[in-house]
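Below you'll find the structure, written out as structure tokens, and then a few comments.
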Amino acid sequence: MLIPLGFIIVLVSVFGGFALAGGALGPLFQPLEFMIIGGAGLGAFIAANNGKAIKATMQSSKRLKASSKYNSETYLELLAVIYKLLNKMRRDGMLAVERDIESPDESAIFQEHSEILEDPMMLNFIADYLRLMISGNMNPQELDELMLHEIETFEAEAEIPADALHKVGDAMPAFGIVAAVLGVVRALSNADVPPDVMGTMIAHALVGTFLGILLGYGFINPLASRIERQVVEMVKALQVIRVTLLASMHGYAPQLAVEFGRKALHTSERPSFTELEEHVRGAKAES
């Protein structure tokens, strides 16, 4: 609900304030100004990006959810899953989790935590690096470098839509000026019209500047910023997995390894030590 709520507040504040000040909303409705500004913005977006960036931007709409996907409960579930897997490896041997990571849909551990099972990013990251840990051919430093490289690559790719939208949003005021100049040119080319008609034409032309600024800074740039925030959340989830697995590779017990992961979280999503301990105890009892 946050995205629609924010847009509604923008619209009500701008147009409601204008109406309360005695302004008429009718002259602000200029479909041709929308066509000029929107078309120019779309064309610039297509010209500035390749097919991969355009596709990534279109697909990023799936991430524009009403609320933050990753919260304290999500991280408790994530740490519980990793704890169960590490505990099983410690108790029954490294190969004990091979079936869990090869067929997570059939794994009792992952089935108990459907939120993690339904998140391909976290699921694949856990499975890939547990496979490498099982192979036994990599030391912690090599694994850490590989994880950091993958996280950096993921972050760079995930930020492409935000960057593309930010550039379009920053350009919208300029396209608004273009539309306004065209409107002024049209008005001045009809200099023989009565003053009141000329004033109306000039007012309509200035709507272009208003729309460009409103669309850019009221809608497009906020969407880009929202995508950036979600990328940060996704990267943090990968960092939690990284820190926890590395702690295990350095010889820490599963219960201590997940504490390393907890410390890697932002304070706003970080569960308390007691919450994590109780959750892990529950996971331990189930396993």
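The values are calculated or read from the model by the stated rules, or taken from the named source; none is laboratory data. No experiment lies behind these values; they were computed from the predicted model shown. Cβ coordinates were reconstructed from backbone atoms using ideal geometry, including for glycine residues, and neighbour counts include every protein chain displayed. The accessibility values were calculated without ligands, DNA or RNA, using every heavy atom of the protein model including side chains. Shrake-Rupley method; radii C 1.70, N 1.55, O 1.52, S 1.80 Å.
Restricting attention to the range 144-187, and to residues there that are acidic (D, E) and open to solvent by 50 Å² or more (accessible area, probe 1.4 Å), which single residue is nearest to L28 (Cα to Cα)?
In this case the residue turns out to be D170.
Of all residues in the range 71-91, those satisfying the criterion of being open to solvent by less than 20 Å² (accessible area, probe 1.4 Å) and aliphatic (A, V, I, L, M) are L78, L79, A80, V81, I82, L85, L86, M89. Screening Q111 with (1) without any contact (Cβ under 8 Å) to a residue 12 or more places away in the chain; (2) closer than 30 Å to G169 by Cα; (3) touching a Pro at 6+ places or on another chain (Cβ under 9 Å) gives one miss only, at (2).
Pairing each residue of the range 221-236 that is crowded, with 20+ Cβ neighbours inside 10 Å with any residue that is not in a helix (DSSP H, G or I), provided the two are 6+ apart or on different chains, yields C-beta distances under 6 Å for V231/E159.
Do the conditions hold for M94, that is, is it farther than 27 Å from L5 by Cα and either open to solvent by less than 20 Å² (accessible area, probe 1.4 Å) or within 23 Å of the chain's Cα centre (by Cα) (or both)?
Working: farther than 27 Å from L5 by Cα: yes; either open to solvent by less than 20 Å² (accessible area, probe 1.4 Å) or within 23 Å of the chain's Cα centre (by Cα) (or both): no.
Against the criterion (farther than 27 Å from L5 by Cα and either open to solvent by less than 20 Å² (accessible area, probe 1.4 Å) or within 23 Å of the chain's Cα centre (by Cα) (or both)), M94 does not qualify.
State the number of residues belonging to the range 12-21 that are open to solvent by 70 Å² or more (accessible area, probe 1.4 Å) and in a helix (DSSP H, G or I). Here the count works out to 4. Number of residues in the range 126-143 that are surrounded by 14 or more Cβ atoms within 10 Å (Cβ to Cβ) and outside any helix (DSSP H, G or I) equals 1.
Rundown of residues vs (1) more than 16 Å from the chain's Cα centre (by Cα); (2) of a type in the set (S, T, N, Q), yes/no style:
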{"site": "R226", "(1), (2)": "no, no"}
{"site": "E233", "(1), (2)": "no, no"}
{"site": "L238", "(1), (2)": "no, no"}
{"site": "I241", "(1), (2)": "yes, no"}
{"site": "T244", "(1), (2)": "yes, yes"}
{"site": "P254", "(1), (2)": "yes, no"}
{"site": "K263", "(1), (2)": "yes, no"}
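The listed residues are A180, A205, A224, and the only one of them that is modelled with pLDDT under 95 and within 22 Å of A53 (Cβ to Cβ) turns out to be A224.
Tally the residues that are small (G, A, S) and either open to solvent by 80 Å² or more (accessible area, probe 1.4 Å) or at positive phi (or both), restricting the search to the range 22-47. Talk me through it step by step, then tell me what you get.
Within the range 22-47, the subset small (G, A, S) is 22-24, 26, 38-41, 43-44, 47.
Imposing the further condition that a residue be either open to solvent by 80 Å² or more (accessible area, probe 1.4 Å) or at positive phi (or both) reduces the set to 22, 47.
Residues flagged as small (G, A, S) and either open to solvent by 80 Å² or more (accessible area, probe 1.4 Å) or at positive phi (or both) within the range 22-47 amount to 2.
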